[in-house]
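Chemist: Next up is a structure, given as structure tokens.
Just so it is clear, none of the values below were taken in a lab; they were calculated from the coordinates. Quick caveat: nothing in here was measured; it's all calculated off a predicted structure. All Cβ positions, even for glycine, are placed from backbone atoms using ideal geometry, and neighbour counts span all protein chains on display.
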């Protein structure tokens, strides 16, 4: 499968891959704006932009529409990654490979934690049984 085909099949900026804040940050970068410049255009504080991009807050509906207009993307794209937005970066295949590895490692870690919890219960049962024998 070619990189282009893989990118078409993978919704690079979709909800399962990126957040609203990440999409705001990417669109702002692609528009060539700093957080301060975007804040000035929207008449909000720079820390508001920082909070949106850090997923610490979300813009209200009317501000989301203004934000999309300034950034040249659709409100739907900001919210979900669907619709008119920015294209995936050229090195997206490598980034996706890193994300896939990260997801795989996270799943393996969750499994190891579950095994550890089961072993701790088993150890506790054995210790209780030994204590009961004495």
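Chemist: What is the extension gain from residue 51 to residue 134, computed as 0.36 nm multiplied by their sequence separation minus the C-alpha to C-alpha distance, in nm to one decimal?
Modeler: 23.9 nm
Chemist: If you rank 26, 113, 70 by fewest surrounding Cβ atoms within 10 Å, what's the result?
Modeler: 113, 70, 26
Chemist: As a footprinting exposure proxy, order 53, 35, 108 by other Cβ within 10 Å, with the fewest listed first.
Modeler: With the fewest neighbours first, 53, 35, 108 line up as 108, 35, 53.
Chemist: Which ordering of 50, 134, 128, 29 is given by a fewest-first count of other beta-carbon atoms within 10 Å?
Modeler: Arranged by neighbour count, lowest to highest, 50, 134, 128, 29 become 134, 128, 29, 50.
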